[in-house]
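Working notes, beginning with the structure itself.
The values are calculated or read from the model by the stated rules, or taken from the named source; none is laboratory data. Owing to the predicted nature of the structure, the values given are computational and were not obtained by experimental measurement. All Cβ positions, even for glycine, are placed from backbone atoms using ideal geometry, and neighbour counts span all protein chains on display.
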Amino acid sequence: MPTVIITGGTGLVGKALGHALLAKGYHIIILTRTLPSTDHSPQSIKGIQYAKWDIESQTIDENAIASADYIIHLAGAGVADKRWTKKRKQEIVDSRVKSCKLLADSLKTISNKVKAVVSASAIGWYGPDRILPNPTPFAESDPADESFLGSTCRQWEESIEPVTQSGKRLVKLRIGIVLSKDGGALKEFIKPLKFGVAAILGSGKQIISWIHIDDLVRLFIMAMENETWQGTYNAVAPNPVSNKELTLQLAKSRKKFFIPIHVPTFVLKIMLGEMSVEILKSATVSSKKVQKAGFQFSFPTIKDALTNN
């Protein structure tokens with residue numbers, strides 16, 4: 001079976017994707033800054049091989065690139081992991097732009113057989129809904145917002161684009177809020193429920209465009225395998241929901257007593273700083289393009305997604 005390089009393979013999406021690809025018989029190479037061994041050569045662990053790269057020094061294992069049939073690029077510093085200081089914002093941008101540059105340069109200079117590159121992006125590309133409900137959800141043709149995340153996503157996508165100059169098919173998936181029982185945003189939503197509180201953020205009216213992790217993994221694989229896929233696609237479920245609806249549905253799915261409490265906007269601003277803008281932003285994003293391309297969601301509604309998490 002073909003070989004797939006995954007960057008960011010130890011993250012939430014990367015792990016799930018790796019398991020799914022292994023189940024389909026693919027060979028996996030995970031690019032990592034530190035090999036899981038004192039030995040400096042890639043090692044095979046449970047069917048997965050590890051190879052070294054370093055985006056700061058712009059170095060990469062040439063054998064990994066030479067042996068790959070596909071590259072799935074997920075790497076990037078976590079947007080919500082730390083407060084957005086000036087330094088952290090630069091880390092968020094650099095981790096994406098520099099990693100894309102390294103991959104693009106490697107495909108240009110190292111002899112390879114890579115057929116396609118599937119790169120993560122995010123719906124942070126889009127600005128806020130102008131009105132609610134939004135009658136015209138954001139589509140792939142809409143321009144990048146001028147906010148920090150909008151600018152970051154624009155630079156992110158532009159920096160991977162040069163792989164097409166090496167004759168590679170490129171697919172960019174703008175990912176919504178990923179729902180997974182193994183971590184990520186859902187874990188944060190669940191935390192207050194342990195204390196019997198359903199924490200509705202701000203007004204709770206802001207729309208969240210989300211996707212179940214199983215659907216996201218299937219989307220990446222379809223984008224990789226299907227040669228007709230090219231360009232940008234929104235990776236979001238077809239039924240976005242308000243923050244209030246998500247929170248209450250999650251509370252009900254846990255079948256515990258809970259009290260709905262609104263967390264005031266000013267509290268979120270104090271706690272999160274500039275990042276609160278994104279927490280409170282309403283973004284209704286369209287899934288029509290992936291559906292027209294033949295993708296069928298296993299979890300099209302929030303009830304489906306939370307029942308299975």
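Kindly indicate the residue of the stretch 163-192 that is buried (at least 19 other Cβ atoms within 10 Å of the Cβ) and of a type in the set (Gly, Ala, Ser) and also farthest from LYS289 (Cα to Cα) among those meeting that condition.
Top of the filtered list is SER180.
Just to verify a result, which residue in the stretch 118-133, among those that are outside any helix (DSSP H, G or I) and hydrophobic (A, V, I, L, M, F, W, C), is surrounded by the fewest Cβ atoms within 10 Å (Cβ to Cβ)?
It comes out as ILE131.
Return the pair list, or none, for Cβ contacts closer than 8 Å from residues in the stretch 180-196 that are over 19 Å from THR307 (Cβ atoms) to residues that are aromatic (Phe, Trp, Tyr) and in a loop (DSSP other than H, G, I, E, B), at least 6 apart or on different chains.
Listed pairs, sorted by first residue: GLY196/PHE257; GLY196/PHE258.
Taking MET224, is it under 24 Å from ASP145 (Cα atoms) and of a type in the set (A, V, I, L, M, F, W, C)?
no
With respect to THR247, is the statement that it is among the β-branched types (Val, Ile, Thr), touching a residue at least 12 places away in the same chain (Cβ under 8 Å) and either surrounded by fewer than 19 Cβ atoms within 10 Å (Cβ to Cβ) or over 25 Å from ILE175 (Cβ atoms) (or both) true? Let's see the steps before the verdict.
Numbers: among the β-branched types (Val, Ile, Thr): yes; touching a residue at least 12 places away in the same chain (Cβ under 8 Å): yes; either surrounded by fewer than 19 Cβ atoms within 10 Å (Cβ to Cβ) or over 25 Å from ILE175 (Cβ atoms) (or both): no.
So THR247 does not fit the description; no.
Are any of the residues in the stretch 76-88 at pLDDT 95 or above and in contact with a strand residue (DSSP E or B) (Cβ under 9 Å, 6 or more places away or on another chain)?
Yes, the conditions are met somewhere in the stretch 76-88.
Checking the conditions here, which among PHE195, PHE148 is more than 18 Å from VAL79 (Cβ to Cβ) and surrounded by fewer than 21 Cβ atoms within 10 Å (Cβ to Cβ)?
After ruling out the rest, the residue left standing is PHE195.
List the residue pairs whose Cβ atoms are under 7 Å apart, where the first residue sits in the stretch 65-91 and is in contact (Cβ under 8 Å) with a residue 24 or more places away in the chain and within 20 Å of LEU102 (Cα to Cα), the second is among the small types (Gly, Ala, Ser) and in a strand (DSSP E or B), and the two are 6 or more positions apart or on different chains.
Once the first residue is in contact (Cβ under 8 Å) with a residue 24 or more places away in the chain and within 20 Å of LEU102 (Cα to Cα) and sits in the stretch 65-91, its partners that are among the small types (Gly, Ala, Ser) and in a strand (DSSP E or B) give TYR70/ALA116; HIS73/SER119; HIS73/ALA120; LEU74/ALA120.
Name the strands (runs of 3 or more DSSP E) wholly within the stretch 197-309 that hold at least 1 residues that are under 30 Å from PRO2 (Cα atoms) and under 19 Å from the mean Cα position of the chain (by Cα)?
In the stretch 197-309, the matching strands (runs of 3 or more DSSP E) lie at 210-212, 231-235.
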